[in-house]
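Nothing in this text is a laboratory measurement; each read-out follows from the coordinates by a stated rule. Since the model is a prediction, treat every value here as computed from it, not as a measurement. Neighbour counts are summed over all protein chains in view; Cβ atoms, including those assigned to glycine, are modelled from backbone coordinates with ideal geometry.
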């Protein structure tokens, strides 16, 4: 196990609703990244948080937002859900820097109906 | 973040055959990481390459970083059913952006 936990594991939401996904980082890791992985695709980078600040963002609209807390846990919020938001959402924790590996959680499977 | 292209997208092999996946960038990379994702699982770190021309081995897996640091490869010798999964490369910068991956299936 990686020590990175995500909740919930599965979630079904209706189009237009809002959702919050949670991630607890591995102990000592100060950086959290969020990814969206559609079925059969590679993980797409949503954004990264370092010391409670957004530290990089991929090509996702503003209705995707996040938070990182002082204990380095993190939330991903998605507003106005669309059918295409259905995917596996992965968080990865790491230490800041270019030479560190990322540890992934098991993911949250979000289905929008 | 830097983007990479992976080929092939899919590879189906008979158990015991070799397998290679390639990762290509149009720009010079400072490093490259490789991850494996089993069906239904999450990406798991395999290795990081940093130096030009670097070659690293993990049992039946051989990882290479090109001399120009624009490409990388993963070669698996004598595949086993446990090798099934999708293999991703990702440049490790301030953020990390994955290639589309190569999905490997192995027929027993």
- Query: P(r) for chain A: what percent of alpha-carbon pairs falls in each 5 Å bin, starting at zero?
  - Reply: 2, 13, 24, 27, 19, 10, 4, 1, 0
- Express the Stokes-Einstein translational diffusion coefficient of the stretch A:31-95 in µm² s⁻¹, to the nearest whole number, given a Kirkwood radius over alpha-carbon pairs, 20 °C and a viscosity of 1.002 mPa s. 177 µm²/s
- Query: For chain B, what is the Kirkwood hydrodynamic radius in Å, using each pair of distinct C-alpha atoms?
  - Reply: 13.7 Å
- Using Cα centres only, tell me the gap between the stretch A:4-24 and the stretch B:10-88 in whole Å. 31 Å
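Report Rg(Cα)/(2.2 N^0.38 Å) for the stretch A:1-58, keeping two decimals. Mind showing how you got there, number by number?
On the way: Rg = 13.0 Å, N = 58, 2.2 N^0.38 = 10.3 Å.
Taking N as the residue count of the stretch A:1-58, the ratio is 1.27.
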- Note on the structure: Among the Cα-Cα pairs of the protein assembly as shown, the proportion with separation greater than 32 Å, in percent, is 18 percent
- Task: Could you work out the mean count of beta carbons from other protein chains within 10 Å of each residue's beta carbon in A:103-109?
- Result: 3
